[in-house]
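To keep things clear, I will list the structure first and then write my remarks on it.
The values are calculated or read from the model by the stated rules, or taken from the named source; none is laboratory data. Just so it is clear, the model here is predicted, and its values are computed rather than measured. Ideal geometry is used to build each Cβ from the backbone, glycine not excepted, and the neighbour counts take in all protein chains shown.
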Amino acid sequence: MLVALLNLGLIASFQVEARAQTYPCGWAYWNNLPSNEPQAPFPEPPYPCSATGNDFFRLITGPQVSQCCQSLAFTNVPDYLPDLAMPVEIATFDACTLSQQTTVDLEFRSFVPQFFNLYACNQHRVFRMYLKYNGNVFMAIEPVESYMRYTRTFFLPGAPGESDVQVWRYVINGDADFDRQFAPPFWVPPCHACPATTDRFERVHFVGHADFSCKTDSQGLHHWDASISLSHHVGCLSHLDNPFINPLRKITAPNPNRHESTSYHMVGPLPFSFLAAPPMPQDVVITNGGIKFDAVRSTVMYPSPWNPSIRAHPFPPHCLTESSLYTVMEPKPVNCMCEASPPAPAIYYHSWIRPASQSYCYMPGTPPIATGQSWQSVVGASADIPDGFVQLYLGHWGAAGPWSNEGLLTNIGLIDHLNHCFPDPAYAFHITHGVTTTHDRTVGLPHFYDDPTVSSDVLIDFVDQVRDMTHARHAGMDFLPISAGSCVSTLVWTISKE
């Protein structure tokens with residue numbers, strides 16, 4: 001799988017540091033934190049809806065605001081995100097069939113404000129997440145191993161007689177640890193080795209999303225809501241046996257710890273129906289070039305203040321220009337990925353992002369001149385993702401506030417996208433993860449602040465996956481792609497179906 005990457009010279013060898021320490025089983029011991037001490041209920045934080053309106057990213061409506069490789073203005077995203085506490089559903093899919101599920105409690109804490117955001121364009125937010133079963137914490141994602149990447153803002157229809165609700169979307173990923181004595185046994189992946197022999201290699205990598213909404217009522221009170229998901233993918237993806245792009249999570253088949261055709265998922269709020277009412281293949285792709293607000297956003301990631309020697313550039317980080325996107329996706333066969341014994345339910349929606357897709361921005365001049373280049377998904381690099389982009393259908397919400405009847409997919413991509421600001425073909429390959437939501441026209445469609453008349457029934461957001469600064473090869477945007485394990489990102493894609 002992905003052996004073509006080696007032939008293309010896209011991956012360079014590097015050293016992986018392993019710290020030979022021994023820890024007792026359970027995340028509380030790993031992090032020296034109390035796992036199951038009594039905790040007070042989370043109060044509603046007094047955080048206002050501080051970023052209503054335009055986020056000042058989505059301004060690519062003309063040459064004045066989409067000049068190539070110019071720094072973007074400070075973003076209008078929430079200063080703080082609220083703490084959350086809600087029941088969620090966890091489930092396993094085995095051979096693309098819902099195997100087991102149960103309800104647990106989620107506690108989510110996001111505590112890093114914009115001005116302390118160290119990683120990219122005031123878009124990364126460090127978070128911590130706990131799952132509880134029968135009142136006991138059994139899974140934790142801690143700040144050291146977790147990242148949130150802001151992608152876009154949009155509006156969802158409000159309840160009858162109420163105004164529309166603004167949503168801020170984040171793509172998230174993190175490495176989780178488990179306290180097995182309190183966990184539902186079916187939801188501890190076999191790849192979670194215990195007792196641990198290092199401080200990070202046995203944690204379980206999850207990817208997902210968080211959509212936060214906020215509205216102000218007639219009394220001036222602020223009401224936050226959120227939908228959230230996490231997924232640990234099937235073994236042929238999560239534990240791809242390739243030391244160059246999966247140094248921390250690779251498992252050589254056959255091995256029962258690889259959970260080849262089993263995946264793990266968490267979704268909230270309730271009610272959510274796993275695998276119910278799957279969409280048609282043409283309903284989760286963009287075939288008409290998308291809409292005028294589709295964009296890719298580029299980041300330069302400078303050193304942390306604690307280790308400035310990693311980069312030659314000064315702190316802090318910043319964004320470069322957004323480039324407009326024209327996206328053409330071709331639906332491909334739907335299958336059950338990694339399952340060697342068909343027939344099985346088809347829940348993996350494959351598609352090809354065709355070379356007709358374009359990314360363009362404006363070079364300074366009188367008048368400014370648009371410069372464009374094609375981008376596409378990588379065909380043939382992976383036997384499991386033959387067309388370079390796949391979306392796993394998770395299910396849909398019922399009557400769940402702003403998320404009513406919304407369908408949810410998690411997406412994975414192998415993307416060939418040459419950055420306008422770093423036009424070196426050696427670094428055009430990206431491994432991506434993200435989220436797709438589908439929206440019911442009978443309920444109402446998302447629309448955008450820039451033009452309320454423009455709406456979309458499919459929102460597809462994804463980011464690239466790269467190792468953090470400790471494995472950078474030289475200054476700039478030169479980061480190693482990684483297929484699994486806690487990761488930062490340098491590019492954000494947001495595409496929509498009109």
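Quick notes
- Residue ID - surrounded by the most Cβ atoms within 10 Å (Cβ to Cβ), chosen from residues in the range 323-337 that are in contact with a His (Cβ under 9 Å, 6 or more places away or on another chain) and modelled with pLDDT under 90: 323
- Single residue of the range 432-457 satisfying the filter (surrounded by fewer than 23 Cβ atoms within 10 Å (Cβ to Cβ) and outside any loop (DSSP other than H, G, I, E, B)) that is farthest from the chain's Cα centre (by Cα): 453
- Top-ranked residue of the range 465-496 - restricted to ones that are at pLDDT below 90, not in a loop (DSSP other than H, G, I, E, B) and not hydrophobic (A, V, I, L, M, F, W, C), ranked as nearest to the chain's Cα centre (by Cα): 481
- The residue that is farthest from residue 57 (Cα to Cα), among those in the range 150-163 that are in contact with a helix residue (DSSP H, G or I) (Cβ under 9 Å, 6 or more places away or on another chain) and not aliphatic (A, V, I, L, M), is 158.
- Residues of the range 345-371 classified as part of a strand (DSSP E or B) and touching a residue at least 24 places away in the same chain (Cβ under 8 Å), total: 14
- Flag if residue 419 is closer than 24 Å to residue 68 by Cβ and either within 21 Å of the chain's Cα centre (by Cα) or at pLDDT 90 or above (or both): yes
- Selection from the range 280-313 of residues that are at pLDDT 80 or above and either over 21 Å from the mean Cα position of the chain (by Cα) or on the phi > 0 side of the Ramachandran plot (or both): 280, 281, 282, 287, 288, 289, 290, 291
Conditions tested, residue by residue: (1) surrounded by 21 or more Cβ atoms within 10 Å (Cβ to Cβ); (2) closer than 19 Å to residue 182 by Cβ; (3) modelled with pLDDT of 65 or more; (4) out of contact with any strand residue (DSSP E or B) (no Cβ under 8 Å at 6 or more places or on another chain).
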{"position": "58", "(1), (2), (3), (4)": "yes, no, no, no"}
{"position": "64", "(1), (2), (3), (4)": "no, no, no, yes"}
{"position": "81", "(1), (2), (3), (4)": "yes, no, yes, no"}
{"position": "103", "(1), (2), (3), (4)": "no, yes, yes, no"}
{"position": "113", "(1), (2), (3), (4)": "no, no, no, yes"}
{"position": "118", "(1), (2), (3), (4)": "no, no, no, no"}
{"position": "125", "(1), (2), (3), (4)": "yes, no, no, no"}
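- Of the strands (runs of 3 or more DSSP E) lying entirely inside the range 159-277, the ones with 3 or more residues being small (Gly, Ala, Ser) and either touching a Leu at 6+ places or on another chain (Cβ under 9 Å) or surrounded by fewer than 23 Cβ atoms within 10 Å (Cβ to Cβ) (or both) are found at 204-216, 222-232.
- Pairs meeting the criteria (first residue in the range 224-238 and closer than 19 Å to residue 436 by Cβ and modelled with pLDDT of 90 or more, second residue aromatic (Phe, Trp, Tyr) and not in a strand (DSSP E or B), beta carbons under 7 Å, at least 6 apart or on different chains) are 227/403.
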